[in-house]
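Following: one structure in structure tokens, then a few remarks.
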Amino acid sequence: MLTFWKNVLENSPDAYEKAVRARDARIGSFLEFNPTRHLGNAPGEVASAEKHAVLAGLPFGVKDNIAVDGFRLSCGSRILENFNSPYHATAVQRLIDAGAVPVGKTNLDEFGMGSSTDNSALGSTTNPWNEDYVVGGSSGGSAAAVAAGLVPFALGSDTGGSVRQPASFCGVYGLKPTYGTVSRFGLVAYASSLDVIGAISTDLDVLQAVYEVISGADPFDQTSMDPVPSASHDADAAGVASLGYRGKSPCLGVLKPEQLELSAEVAETYQTCLEGFRSLGYEVKEVSLSMLEYVAPVYYTIATAEASANLARYNGVRYGLRPDYAENPEELVRLSRDQGFGAEVKLRILLGTYVLRSGFQDQYYLRAQKIRTAIRTDFEASFGEVDMILTPTFPRQAFRHGGEDMSPFEQKQADKFTASANLAGIPALSFPAGVPKGLPVGMQLLAPAFGEPRLLAAARDYATLYKPELAPGYERPAGEQ
Amino acid sequence: MYQSFIGLEIHIQLATQTKIFCGCKAAFGDEPNSNICPVCMGYPGVLPVLNQEAMRMAYVVARTLNCTLSPRSVFERKNYFYPDLPKNYQISQYEHPLGRDGFVDIEFHKKKRRVRIHEVHLEEDAGKMIHAGDMSLLDYNRAGTPLLEIVTEPDLEVGEEAEVLLQQFRRMVRYLGVCDGNMEEGSMRCDANVSVNLSGGGLGNKVEIKNLNSSRFVRKALNFEISRQKDILERGGTVVQETRLWNENRDVSEPMRTKESAHDYRYFPEPDLPPFITDDAFLLEVEKGLVELPAARRTRFIDEYGLSELQAEFLIDERSTAEFFEHTIALGADPQSAASWLASDVKKLLNRRGESIESSVLNPERFAELLRLLDEGRIHGKIAKQVLEEVFVSDASPAAIIKAKGWEQITDPAELSEYIDAVLKANPNAVEQVRAGDAKPVGFLVGQVMKATSGRAEPQLLQELISSRLAVKVIHVLSFGGAISGVRREDGLIGPGELFDLRTEFAGDTGLPAELRLEEIQLGAFLSEEIAPADWAVLISEIARRIEDSEAAGIVVAHGTDTLSYTASLLYWFFGKARIPIVLTASSVPNDSERGSAKPRSEAVANISAAVKRAASGAPGVGVVYGAQEFAPLNLKFERVEEGAARAGVFRTWNEIGGDSNPAHLPAPIYPAAGVEPTDRKAVQTALENAMSRCFIVKAFPGMRGDHLITLMKNGVRYFVLELYDTGTASVRETPYSLRAALQYGAANGVSFFCTSQQEAMVDFADYVTSHELWREGAIPMGRLTTESAFTRLIVAQLGSEDELEVQRIMEDQ
């Protein structure tokens, strides 16, 4: 399969394009698709290209809140519908330097705000496993494109679970790296202290190569850094079960499922999964993340506060949607924002403005920051006892379009497993763990900061027990004969 | 009594090459929207990268302002919507600014004050929005320029202090090289807040004033605002807490159109920038950025080089001038002459040519050479000026110029003696007359030598050589009215007359040196109370000419007693640095002793004899001799005493200033800062008449109607010498019988009040609430100067400049 991907753009770009367009007419994963626009870009750093030869020639999709020169950067919003990016995000540039080719921009919940991709103003994306169901969000387009075999991998962004939750809904891998290890330069900010660029793929080798290429300090992002190597990383990379870990069995922390308000299918898969790890030689130990119930309110307080400032720049003055006529500059700004933003974005801006009001900061924003610190401490304590923590990615499988299954409020509460990693800044990986009743279920592994190699190794171990299934009808890559 | 409290928020744009968070050029005057990029335009997805140089400059300023430097400073987002703010939030500092708790010391009209600095923080500037017709245009070149905000505590009291602080601050940032301090172009900006309250009531309701784009507007706006708030309080009203804009065309502050809701900036830490942590290497860089500050340099210049405050002030104003000066001194030049040349001729030339000292062809080496040539007598003053001009024209060294132009003076005694021999030989009659005791032909002979050498003879040397060849010492005695040259009429009254014949009176006076040759010159016959500007013009021009032409080894001025204190101080301000002695003397009665009688010599004769002796042997500069005593030319007071049956007069001097006749302890003379050529009698007369028409002396008295002074101001009086009580007190109550109305009218109309004491006190406004009120209203203390000395200084100061502030500066430079 990888051989096909490595050659597809060189051998038959037209056939590929045609096949993608045909498939995507049903899925709706791409907002913009043009496989030849960046074809023929010479790889930049030869060293990087050689080291990650696995990426050379691979087409990839990019969530439409990550800048790719020559493509639009709409963020799924009316306000940036026609905005063309004049530059590459650092992560994209590094992938191009490694020989990969960005072929299009994928759909998302507007500015990354949502869990379904139904909050996009510019297109609707549906789940390749069942068109009645949502693809998850906010990186839903990226997950769908990978799951439907349109690209071997795609970049997404993860603020509270936006890479992992759609990966879980689509039965593919989704990695959220340690905060700061991947430059945010070129990622349109939603909540700057939580945002991180992540990757989605069906292939762990590809996922690992992408992570290695895009991570590392960037002079254009002062919050970025090189992953801090630790003595255990070599062992991590070599695989946990095969080598053992720190001279003993790797230890997996698990949560008491009855407290987690899981659907029956997810609860069952979680049980199966932890038993699977046990059978692989992992020690399984119960941990209590006592702060878990605070994760969603804290996440929404901090994320909306930052969003209210981050989205203030869209005012129709310098770029983006603007009304044909306005009486004065103030009205121009008001009308641009009123017409340009969708309901969910407006809701979150208002929420964020509210929690930052002077006189209310103690009650909301500053208290949330304190709890965030407590959550981080909670994880640190747990990682003193266990090497990784296993949780479900989301409390249930994909839900149907239209909010009948899950109200927007319930969707927000359900972010607690994923958002905890963003609040703590630690890496997390969602991996496919089963397809009960025809819809995939993903499980999430959490590790201490810079523990990405450990996560990938554990996922590899689990893949020996359960080989991820591909969505029916999409078993072969688009364009493969 | 009300108190006022002023605090300032000063913004300076840091002079970095690039903007604070991106690589765009930070420059002014470029094509609109030419220095922009996705980062400073707030494009989606971009991130700020902190400019290290901006941070270094910011810490240097904070350190210079004596702040506690934060080891960890944090950027925050200040959220507000405005079209010129690309991100609609400004990256600024709030909870953890880079500097806190500093101070800066200022001085206004002799009152020193420590102004506390609340904090110093760094932020990004916004763009500019211009409304043109029905369009709004935006230029983002300025967006993202590093902006440093300095917030003071409300420690200032009057607008003038704010003006002083801003001027000092401007000079400081220019010295540090972190900002050009240009308020007109907006690279330095100031908002002020001011509150007024009853004394002891603490701060009042605060009003913020914006749109202050010069330090002068800051002063005017604050003083306007203080009186506006006082008026409101006096009428029993309440000052509204608000923001007002200064309208510079109407000289009033106006309420700013208020937005419906108060701003809530919703500060929170900037997640895109990690906290800035200072490390040792950074702090070392900050220390390296510190320079000797203008105030310290001024003090050092005064102490080290013996300069006056005004000279030092001029030199340190620009760092480049100060460094040019020190470089010149290091090459061996005399600090005094370097300073005065820089402040006068060099400055004039640079202004005329529109050049700055560092970019001109005059370098310290050439300048030092010019001064050396002058010092060695190889050229004299007038030629030196021409040489200086020629340096600018021909870009050559002074030595090369005088060689090429043949301007070198004859300073070799042997060479000059040849010319003198020839002249003496050709004029035997004149020589004979001198030998017989007549001084007049000496001047003629000097003139002949000058003619023979085409003016190249060094005048001082020539004077010395001729004097020694003829074995004479020429003293010119200028008769300038008064009883000393008066006559007693038949009715017993004393009237003006001509000075007695010196040679006759002094015949047989064995105390006088044998080589002495006296020449009497009658400048006027009047009593000294009758002196008018025209008389002083004659005196000044006659003295100036004698100094210039080296006609005499010394000058004696025979004067009346009544106004001697004026003329003595006037001549001191003019000629205090002259290279020959100028001695004033007087007598309260005429020389009515009978000639040839055995009677003791009259006071007039005795005093002139003493003055002549002093002129023949004394130190150069201006002095006063009366009776057996020598006096300093400043702060003289003539007093009558009863001595038995005879009525006699005595002089004494007031304050320490005059108790000590050592010229080094007197305030420095202020000429030749003046722009008038002193040998030009007509020009001097016109200048004196103009200056004196603008001056008035007023003595405070109980029940004095201040509004009468307003009448004087309306009739053209611009400067008052106010003789107050004690250390500077007078009534400033809110009644017609006080100075308040006059001071306020004066402040609004650019009139200055220089204050002296009726009681031999040093005026410093230190002790009383009334004094402090006078200071608040802008009255200027004259320290130890008496009314007469202050008055003549004021006249000479005006010859130097017609600018009110410049005159004030000269008056305060004691």
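The values are calculated or read from the model by the stated rules, or taken from the named source; none is laboratory data. All values derive from a computational prediction rather than experimental measurement. Positions of Cβ are backbone-derived with ideal geometry, glycine not excepted, and every protein chain shown enters the neighbour counts. We work out accessible area using only protein heavy atoms, side chains counted, and drop any ligands, DNA or RNA first. Shrake-Rupley method; radii C 1.70, N 1.55, O 1.52, S 1.80 Å.
Identify, from the list B:ASN205, B:ASN182, the residue that is without any contact (Cβ under 8 Å) to a residue 12 or more places away in the chain and not in a strand (DSSP E or B). Explain how you work it out, then say what you get.
Details: B:ASN205 fails: without any contact (Cβ under 8 Å) to a residue 12 or more places away in the chain.
Answer to the check: B:ASN182.
Can you find a residue that is under 21 Å from the mean Cα position of the chain (by Cα), at pLDDT 95 or above and surrounded by 21 or more Cβ atoms within 10 Å (Cβ to Cβ) anywhere in the range A:364-373? Before the answer, list the steps.
Start the filter on the range A:364-373 by keeping residues that are under 21 Å from the mean Cα position of the chain (by Cα), which leaves A:372.
From what is left, the residues that are at pLDDT 95 or above are A:372.
In the following step, the residues that additionally are surrounded by 21 or more Cβ atoms within 10 Å (Cβ to Cβ) were identified as A:372.
Yes; the residues of the range A:364-373 include at least one that is under 21 Å from the mean Cα position of the chain (by Cα), at pLDDT 95 or above and surrounded by 21 or more Cβ atoms within 10 Å (Cβ to Cβ).
Just checking, which of B:PHE217, B:PHE282 is part of a helix (DSSP H, G or I), open to solvent by less than 50 Å² (accessible area, probe 1.4 Å), within 26 Å of B:SER73 (Cα to Cα) and not acidic (Asp, Glu)? If you could, list the steps in order and put the result at the bottom.
Working: B:PHE217 fails: within 26 Å of B:SER73 (Cα to Cα).
Unique residue meeting the criteria: B:PHE282.
Checking B:ASP264 against (1) open to solvent by 50 Å² or more (accessible area, probe 1.4 Å); (2) within 14 Å of another protein chain (Cβ to nearest Cβ): exactly one of these is not met. Which one?
That leaves (1) as the condition not met.
For the range B:569-577, indicate whether the set of residues that are surrounded by fewer than 21 Cβ atoms within 10 Å (Cβ to Cβ) and either outside any helix (DSSP H, G or I) or touching a Lys or Arg at 6+ places or on another chain (Cβ under 9 Å) (or both) is non-empty. Break it down stepwise before answering.
Initially, the range B:569-577 is screened for residues surrounded by fewer than 21 Cβ atoms within 10 Å (Cβ to Cβ), giving B:577.
Pick out the ones that are also either outside any helix (DSSP H, G or I) or touching a Lys or Arg at 6+ places or on another chain (Cβ under 9 Å) (or both) and you get B:577.
Taking every residue of the range B:569-577 in turn, at least one turns out to be surrounded by fewer than 21 Cβ atoms within 10 Å (Cβ to Cβ) and either outside any helix (DSSP H, G or I) or touching a Lys or Arg at 6+ places or on another chain (Cβ under 9 Å) (or both).
Being free of Cβ contacts under 8 Å to residues at least 60 places away in the same chain and in a strand (DSSP E or B) is the filter here, so list the residues in the range B:762-806 that pass it.
Within the range B:762-806, B:VAL763 is the sole residue that qualifies.
What strands (runs of 3 or more DSSP E) lie completely within the range B:23-136 and have 1 or more residues being within 13 Å of chain A (Cβ to nearest Cβ) and acidic (Asp, Glu)? Walk me through it before giving the result.
Working: elements: B:75-79, B:89-93, B:99-108, B:111-124, B:128-132.
Because the criterion is at least 1 residues that are within 13 Å of chain A (Cβ to nearest Cβ) and acidic (Asp, Glu), the strands (runs of 3 or more DSSP E) in the range B:23-136 that meet it are B:75-79.
Taking the residues in the range B:409-421 that are under 22 Å from B:HIS380 (Cβ atoms) and part of a helix (DSSP H, G or I) as candidates, determine which candidate is most open to solvent (accessible area, probe 1.4 Å). It would help to see each step written out before you state the result.
Initial filter on the range B:409-421 (under 22 Å from B:HIS380 (Cβ atoms)): B:409-420.
With the extra rule that they be part of a helix (DSSP H, G or I), the set shrinks to B:413-420.
Numbers: B:PRO413: 61, B:ALA414: 62, B:GLU415: 73, B:LEU416: 0, B:SER417: 34, B:GLU418: 127, B:TYR419: 72, B:ILE420: 1 Å².
The residue in question is B:GLU418.
Mind counting the residues in the range A:281-320 that are away from chain B (no Cβ under 14 Å), touching a Pro at 6+ places or on another chain (Cβ under 9 Å) and not hydroxyl-bearing (Ser, Thr, Tyr)?
Number of matching residues: 2.
Between A:GLY352, A:GLY451, A:GLY425, which is open to solvent by less than 30 Å² (accessible area, probe 1.4 Å), in contact with a Lys or Arg (Cβ under 8 Å, 6 or more places away or on another chain), among the small types (Gly, Ala, Ser) and in contact (Cβ under 8 Å) with a residue 24 or more places away in the chain? Give the steps one after another, and end with the answer.
Details: A:GLY352 fails: in contact with a Lys or Arg (Cβ under 8 Å, 6 or more places away or on another chain); A:GLY451 fails: in contact with a Lys or Arg (Cβ under 8 Å, 6 or more places away or on another chain).
Exactly one residue qualifies, and that residue is A:GLY425.
Taking the range B:220-238, which residues are part of a loop (DSSP other than H, G, I, E, B) and either of a type in the set (S, T, N, Q) or touching a Leu at 6+ places or on another chain (Cβ under 7 Å) (or both)? Steps first, answer last, please.
Taking the range B:220-238 and keeping what is part of a loop (DSSP other than H, G, I, E, B), we get B:235-238.
Listed by number, the list holds a single entry, B:THR238.
Which of the residues spanning the range A:263-288 are part of a loop (DSSP other than H, G, I, E, B) and buried (at least 22 other Cβ atoms within 10 Å of the Cβ)? Spell out the reasoning first.
Taking the range A:263-288 first, the residues part of a loop (DSSP other than H, G, I, E, B) are A:263, A:280-282, A:287-288.
Passing the criteria: only A:TYR282.
Out of all the residues in the range B:611-623, is one or more of a type in the set (A, V, I, L, M), surrounded by 20 or more Cβ atoms within 10 Å (Cβ to Cβ) and not in a helix (DSSP H, G or I)?
yes
For the range B:374-395, indicate whether the set of residues that are of a type in the set (Gly, Ala, Ser), open to solvent by less than 20 Å² (accessible area, probe 1.4 Å) and closer than 30 Å to B:ASP180 by Cα is non-empty. Don't jump to the end; show me each part of the working.
So the first thing to find is which residues in the range B:374-395 are of a type in the set (Gly, Ala, Ser), and the list is B:377, B:381, B:384, B:394.
Now drop any that are not open to solvent by less than 20 Å² (accessible area, probe 1.4 Å), which leaves B:377, B:384.
Now narrow it down to the ones that are closer than 30 Å to B:ASP180 by Cα: none.
Scanning the range B:374-395, I find no residue that is of a type in the set (Gly, Ala, Ser), open to solvent by less than 20 Å² (accessible area, probe 1.4 Å) and closer than 30 Å to B:ASP180 by Cα, so the answer is no.
Please specify each residue of the range B:744-794 satisfying the condition of being closer than 27 Å to B:LEU666 by Cα and among the hydroxyl-bearing types (Ser, Thr, Tyr).
Scanning the range B:744-794 gives B:SER752, B:THR756, B:SER757, B:SER771, B:THR786, B:THR787, B:SER789, B:THR792.
If the Cβ limit is 6 Å and pairs must be 6+ apart or interchain, which residue in the range A:217-230 that is away from every other protein chain (no Cβ under 12 Å) pairs with which residue that is among the aromatic types (Phe, Trp, Tyr)?
So the pair list comes out as A:PRO227/A:PHE450; A:VAL228/A:PHE450.
Might you let me know whether the range B:352-363 holds any residue that is open to solvent by less than 40 Å² (accessible area, probe 1.4 Å), assigned to a loop (DSSP other than H, G, I, E, B), more than 24 Å from B:SER801 (Cα to Cα) and not assigned by TED's automatic domain parsing to the domain that holds B:LYS577? I'd like the intermediate steps shown before the answer.
First pass over the range B:352-363, keeping only residues open to solvent by less than 40 Å² (accessible area, probe 1.4 Å): B:357, B:360, B:362.
Then keep just the ones that are assigned to a loop (DSSP other than H, G, I, E, B); that gives B:357, B:360, B:362.
Subsequent filtering for residues that are more than 24 Å from B:SER801 (Cα to Cα) retains B:360, B:362.
Okay, now just the ones that are also not assigned by TED's automatic domain parsing to the domain that holds B:LYS577, so B:360, B:362.
Checking the range B:352-363: at least one residue is open to solvent by less than 40 Å² (accessible area, probe 1.4 Å), assigned to a loop (DSSP other than H, G, I, E, B), more than 24 Å from B:SER801 (Cα to Cα) and not assigned by TED's automatic domain parsing to the domain that holds B:LYS577.
Given the condition assigned to a loop (DSSP other than H, G, I, E, B), modelled with pLDDT of 75 or more, more than 16 Å from B:THR792 (Cα to Cα) and open to solvent by less than 60 Å² (accessible area, probe 1.4 Å), answer yes or no: does some residue in the range B:631-653 qualify? Let's see the steps before the verdict.
Let us first name the residues in the range B:631-653 that are assigned to a loop (DSSP other than H, G, I, E, B), namely B:632-635, B:644-645.
Narrowing further to those that are modelled with pLDDT of 75 or more: B:632-635.
The next check asks that each one be more than 16 Å from B:THR792 (Cα to Cα); those that pass are none.
No.
Output the number of residues of the range A:73-83 satisfying the condition of being within 11 Å of another protein chain (Cβ to nearest Cβ) and either closer than 23 Å to A:THR3 by Cα or open to solvent by 10 Å² or more (accessible area, probe 1.4 Å) (or both). Lay out the reasoning, then the answer.
Going residue by residue through the range A:73-83, those that are within 11 Å of another protein chain (Cβ to nearest Cβ) are A:73-75, A:77, A:79-80, A:83.
Cutting the leftovers down to either closer than 23 Å to A:THR3 by Cα or open to solvent by 10 Å² or more (accessible area, probe 1.4 Å) (or both) gives us A:83.
Adding up the residues that qualify gives 1.
Would you point out which residue out of B:ALA132, B:ALA143, B:ALA126 is more than 30 Å from A:GLY76 (Cα to Cα) and among the small types (Gly, Ala, Ser)?
Values: B:ALA143 fails: more than 30 Å from A:GLY76 (Cα to Cα); B:ALA126 fails: more than 30 Å from A:GLY76 (Cα to Cα).
Sole residue among the options that is more than 30 Å from A:GLY76 (Cα to Cα) and among the small types (Gly, Ala, Ser): B:ALA132.
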